[in-house]
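> This is the structure, below, for whatever I ask next.
The values are calculated or read from the model by the stated rules, or taken from the named source; none is laboratory data. In this text, all values refer to a predicted model and were calculated from it rather than measured experimentally. Every residue, glycine as well, gets a Cβ built from its backbone with ideal geometry; the counts of neighbours run over all protein chains shown.
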Amino acid sequence: QQEMKAQGRNARDTIQHVHIIGAGAMGGGIAAWCALKGLRVTLQDQNPESLAEAYKHANGLFRDKLGDKRLAMVARDRLTPDPEGVGLAWADLVLEAIPEKLEAKRQLYQEIEPRMKSDATLASNTSSIPIDELARGLAHPERLVGLHFFNPVEKMLLVEVIKGDKTSQQTLDRAMAFAALIKRVPTPVNSAPGFFVNRVLTPYLLEAMIMFDEGVPAETLDAAAEEFGMAMGPAETVDLVGLDICLDVAEHMSGLIRGDAPAMFKNWVSKERLGRKTGQGFYEYK
Ligand code: NAD
């Protein structure tokens with residue numbers, strides 16, 4: 001704990017500005033949390049609606065956590081929506097949180113790597129893609145690291161810090177220190193599909209979805225899991241994460257899990273029934 005605090009203090013000298021790409025459930029949450037913890041944040045998204053929604057969520061969080069109006073305004077001033085990605089050029093750490101698609105992430109890295117500062121760290125919030133696969137094509141794979149936050153960011157303390165074969169020790173140390181700086185608990189894990197949490201969690205979620213396909217109602221699955229002691233049932237968890245993200249994670253982890261992704265996943269994702277983000281998953285969200 002002492003060592004983590006010291007790491008966090010050192011990181012404040014080297015990480016002052018974070019640029020986040022992707023303002024969805026995760027990028028928006030991480031941006032708000034970083035601004036709340038005193039960092040300068042620029043937040044980029046190709047979709048203006050995602051940016052507006054993330055900014056609104058962040059302001060709600062500042063009000064709830066800081067209470068004082070003036071302090072909430074100070075936090076708000078630290079967070080800048082940045083649709084053109086101007087902040088990329090001077091950020092100390094660039095965090096990518098776009099959808100769980102290998103090719104889209106790689107293509108984005110090709111565009112952004114030449115625009116980043118030469119000593120900046122590139123981090124991905126990927127849930128399941130091995131870092132070495134993401135690093136292919138980078139001029140500086142030693143600067144890429146996985147920083148896997150969980151949803152909702154303001155409540156979930158754990159951050160998986162994932163080292164690829166080429167990730168340098170300096171990059172890894174910086175990622176660990178960054179997580180400590182923003183008062184999360186960094187845990188180093190190896191770069192295997194699903195890392196630690198999703199390797200354990202995904203088979204559980206998919207078995208529950210297979211039971212749903214077999215006719216067990218979502219409410220029954222959720223009630224049983226909650227009785228057992230889980231904070232949230234599997235159907236609620238899938239709605240929170242987003243069915244599209246769950247399906248992508250399941251596909252990246254194929255081989256480790258039983259058979260194909262459950263049919264209902266593919267069916268609902270094709271109909272944009274993605275959970276909370278579209279207002280309809282297993283349950284309805286207003
Ligand atoms: P999301 O669908 O909620 O948001 C993704 C955002 O990225 C969207 O706003 C989209 O407009 C934007 N985007 C897409 N391509 C872009 C590009 N090229 N440039 C700029 N913006 C772009 O996704 P999410 O749930 O926030 O997931 C993002 C990443 O975090 C994924 O890798 C996912 O696996 C991981 N993750 C998700 C969760 C979860 O619970 N949802 C948890 C941990 C990690």
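> Suppose we filter the stretch 252-286 for residues that are crowded, with 18+ Cβ neighbours inside 10 Å and more than 19 Å from Ala218 (Cα to Cα); how many remain?
Counting residues in the stretch 252-286 that are crowded, with 18+ Cβ neighbours inside 10 Å and more than 19 Å from Ala218 (Cα to Cα) gives 3.
> Can you tell me which residue in the stretch 119-154 is surrounded by the fewest Cβ atoms within 10 Å (Cβ to Cβ), limited to those that are more than 16 Å from Cys34 (Cα to Cα) and among the acidic types (Asp, Glu)?
Asp119
> Select, from Ala235, Ala250, Ala223, the only residue that is at pLDDT 95 or above, assigned to a helix (DSSP H, G or I), closer than 27 Å to Ala97 by Cβ and out of contact with any His (no Cβ under 6 Å at 6 or more places or on another chain).
Working: Ala250 fails: at pLDDT 95 or above; Ala223 fails: closer than 27 Å to Ala97 by Cβ.
Selected residue: Ala235, the only one of Ala235, Ala250, Ala223 that is at pLDDT 95 or above, assigned to a helix (DSSP H, G or I), closer than 27 Å to Ala97 by Cβ and out of contact with any His (no Cβ under 6 Å at 6 or more places or on another chain).
> Sort out which residues of the stretch 192-238 are closer than 18 Å to Trp268 by Cα and of a type in the set (Asp, Glu), and write them in order of number.
Hits for the stretch 192-238 are Glu207, Asp213, Glu214, Glu219, Glu236.
> Confirm whether Gly87 is in contact (Cβ under 8 Å) with a residue 60 or more places away in the chain, touching a strand residue (DSSP E or B) at 6+ places or on another chain (Cβ under 6 Å) and either over 25 Å from Ala180 (Cβ atoms) or part of a helix (DSSP H, G or I) (or both).
yes
> Which members of the stretch 26-84 meet the condition of being among the acidic types (Asp, Glu), in a helix (DSSP H, G or I) and either surrounded by 20 or more Cβ atoms within 10 Å (Cβ to Cβ) or free of Cβ contacts under 8 Å to residues at least 12 places away in the same chain (or both)?
Going residue by residue through the stretch 26-84, those that are among the acidic types (Asp, Glu) are 45, 49, 53, 64, 68, 77, 82, 84.
Narrowing further to those that are in a helix (DSSP H, G or I): 49, 53, 64, 77.
Within the stretch 26-84, Glu49, Asp64, Asp77 meet the criteria.
> I've got another one for you. Of everything in the stretch 107-122, what is away from the ligand (no atom under 11 Å from the Cβ), under 24 Å from Val189 (Cα atoms) and not polar (S, T, N, Q)? Give them in sequence order.
Asp119, Ala120, Leu122
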